[in-house]
Amino acid sequence: MKVSRRAALSEDERLDALGRLLTDAEIPMRLRVARVIVLLHAQPVSRIVRLSVDDVIRDGDAVLLRLGEPASPVPAPVAALLLQHIANRENMNTATNPASRWLFPGRRAGQPFRPDHLSALLNEVGVPAAAARGAAIRQQLLELPGPVVADAVGYHDKTTSRLIRETGGTWGRYAPGDHAR
């Protein structure tokens, strides 16, 4: 049986979706933040729900998101949205979650939001997560070498190498490692 994949978004579609998420206050904050992480950092929902507030790092005026090493910079408009979400997270007022460290706390004590539930909510808001992730990772691979992207967003080197070949990226011959010798 052949598995069919939805085509990745075009760069214009990805940027339009990002713009909408940054400005549309009708969309619940947690969904806006989760979808932005997918569209910018190519993260699967199963990883997004495992992020904690400790994965959001403030370094002076900069905000970083720890997805891999090094932590990824977050653009200013997204950083403002992310920090606003942290200050007003849902499911914090119940007796079971008053001190939750999850970026997306769930309803059950000590548990993050369920990935299947978050994925369903995100699909209702618009673009399916897989198409958004595909667009985000491909754009990063057009701008940066595969090994750098893999380390920064927590992907495997073989995955980024395959995607570079598929997209015709120019970083296919990048040799990772220390070149100072």
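Computed quantities for the displayed model
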| quantity | calculated |
| --- | --- |
| Kirkwood hydrodynamic radius of the range 24-73, from inverse mean 1/r over distinct Cα pairs, in Å | 11.7 |
| Per-pair calculated FRET efficiency, R0 = 30 Å: Asp16 and Val53 via Cβ, rounded to 0.05 | 0.55 |
| Gain upon complete extension [Leu121, Arg108; 0.36 nm per residue less C-alpha separation] | 2.9 nm |
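Rule-based calculations on the coordinates, nothing more; no lab input. Quick caveat, the model's predicted, so the values are computed rather than measured. Positions of Cβ are generated from backbone atoms using ideal geometry, with glycine treated the same way; all protein chains shown enter the neighbour counts.
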